[in-house]
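Novice: Here's a structure for you.
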């Protein structure tokens, strides 16, 4: 970038850090430039030097994360869970008494359906916990490992331990032994393994307001694509995993998942006007729809583009509070939200509920439109980027953890900034300057590659799982006879296997899925926040 004879450059010596320099033809050295000065020069391209010299509003989110663990090794960016596990283990090694006390507090605060689990509140010190663990384990030496939890519940309770450690004596003994090791040694895999086993999540609220959210008849409509299938599959997978974990822990509880989305009265033949709809293939997962209301309190009947829904989200979040309480009968253990609008609502609800907020990014608009920050004013009527980029900064900086699909979206490549990193330094002339927006080095970012449903995708040799009608249709269309209407030809060698591929015309599309392992993520982030 040039300002008269002076050239400005943003150097990127590695993924994440930046150095801003300027070069003047009359000087024999390169000068370092502050971020504020660089953004001022950048704004002068649009505003002129007179207007850009007015400092205006400057946003710097770095103080909010001053004490949050950061990843300096670029190869580890996007591995927030693993890094935080090591961080917590390091706390145990450096300050064992503090860690044990706070970890006990974390366990003591756990409950399910309003009842305490794991450790009851009469457990008053880590030393007593370790003593009770040793006593219980010695008592169980003469008890069959297959004995169900109900048979030893009184024994556990007498030693301040509650349900949740295992379905049987054998399971409980293994988990309590692991707890004892975690309390006595700074071993990261042990800590992470223990957190993965504990039944810390039962109710989940998922939020996806924009588009047409329904189980059929909506794909291909405006703002409505693969994210609908993704969220539904994610909800089923989370429900299945939580159910298995609750059963393994010995708790007689069932998971409950609520997908919060927008109700559209003018539903055009879809079920988007149905307030409550059970998710097919689930046992206790529901789509719950709440309408948008305008400033007068009237319900907005028609679909609205995701670029123009911002005025309705605060009231939508307010109206959703009572609905969520009715559906879950308690505050959610975890909120998982999608896209910026969903995560903005999640930010508000997570603050109200005091629960963990996990953000699935999917896509950030700033990287999808060339120079959208520099040209925001001329694009404002169509895209409302002034509000959208502000919502990005609030929604994702407030989240406890963030899920993306690939390393490229967090830290980018050696020659190109990642989607997250692109929000780290930018300005919107006449509105504000962002000197520190998103930091890709924070241990909040987690990369989870997209998955596939095993119901539809399986090894080619498992012929018994194939649907005959589908195979016949494919054979008829592509392998037999003359090309029909809509066909582009036939395969000359039908012995070769078919490979189907579909992609968008953009290079990346975040659509991260919470895998089974991701169930431990809110636990680790919640624990880190507690400690």
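Novice: What percent does the relative contact order of region 130-232 come to when contacts are Cα pairs within less than 8 Å and at least six residues apart?
Specialist: It comes to 19 percent, rounded to a whole number.
Novice: Give me the number: length gained by fully extending residue 142 to residue 323, i.e. 0.36 nm times residue separation minus the C-alpha to C-alpha distance, one decimal in nm. Don't skip to the end; give the middle numbers.
Specialist: Values: separation 181, 0.36 × 181 = 65.16 nm, distance 4.98 nm.
Extending this stretch completely gives an extra 60.2 nm.
Novice: Another one. Assuming R0 = 51 Å, what is the FRET efficiency of residue 380 and residue 98, from their Cβ-Cβ distance, to the nearest 0.05?
Specialist: E(calc), rounded to 0.05, equals 0.55.
Novice: Right, something else. So what is the relative contact order for region 84-197, in percent, with contacts set as C-alpha pairs under 8 Å and at least six apart? Write out the running numbers ahead of the final one.
Specialist: On the way: 116 pairs, mean separation 34.4, N = 114.
After rounding, I find 30 percent.
Novice: For a quick protection proxy, order the peptides 136-142, 164-170, 288-294 by their average other-Cβ count within 10 Å, most packed first.
Specialist: 164-170, 288-294, 136-142
Novice: Next up: For a footprinting-style exposure proxy, rank 464, 283 by other Cβ within 10 Å, fewest first.
Specialist: Final ranking by Cβ density, sparse to dense: 464, 283.
Novice: Based on the mean of other Cβ atoms within 10 Å per residue, sort peptides 315-323, 235-243 so the most packed one is first.
Specialist: Result, highest mean Cβ count within 10 Å first: 235-243, 315-323.
Novice: Using all Cα-Cα distances in the chain, what percent lands in each 20 angstrom bin from 0 up to the longest?
Specialist: With a bin width of 20 Å, the distribution comes to 19, 46, 30, 6, 0.
Novice: Now, a different point. I'd like the distance separating the alpha-carbon centroids of region 292-324 and region 127-186, in whole Å.
Specialist: Taking the Cα centre of region 127-186 as reference, the centre of region 292-324 is 49 Å away.
Novice: For each of 353, 360, count neighbouring Cβ atoms within 10 Å of the residue's Cβ, then give the residues from fewest to most.
Specialist: Ranked by crowding around the Cβ, least crowded first: 353, 360.
Novice: Note the direction-averaged projected area, equal to a quarter of the hull surface, for the Cα convex hull of region 1-144, in nm².
Specialist: For region 1-144, averaging the hull's shadow over all directions gives 16.8 nm².
Novice: Still on this model: What's the extension gain from residue 67 to residue 394 if we count 0.36 nm per residue and subtract their Cα-Cα distance?
Specialist: Once the chain is fully extended between residue 67 and residue 394, it gains 115.8 nm.
Novice: While we're on this one: Could you compute the FRET efficiency for residue 275 and residue 128, with r as their C-beta to C-beta distance and R0 at 60 Å, rounded to 0.05?
Specialist: After rounding, the FRET efficiency stands at 0.75.
Novice: In what sequence do 8, 339 fall when counting other Cβ within 10 Å, fewest first?
Specialist: Ascending Cβ contact count within 10 Å gives the list 8, 339.
Novice: Let me ask something else about it. Students often check this: by mean Cβ neighbours within 10 Å, which of 80-93, 197-210, 214-227 ranks highest, and how do the rest follow?
Specialist: For the peptides 80-93, 197-210, 214-227, the packing ranking is 197-210, 80-93, 214-227.
Novice: Continuing with this model, one more query. Using a Förster distance of 51 Å, how high is the FRET efficiency between residue 54 and residue 284, based on the Cβ-Cβ distance and rounded to 0.05?
Specialist: 0.35
Values quoted throughout were computed directly from the atomic coordinates according to the rules given, and no laboratory measurement underlies them. Just so we're clear, the structure is a prediction, and the values are computed from it rather than from any experiment. Here the Cβ is made from the backbone with ideal geometry for all residues, glycine too, and neighbour counts use every protein chain on show.
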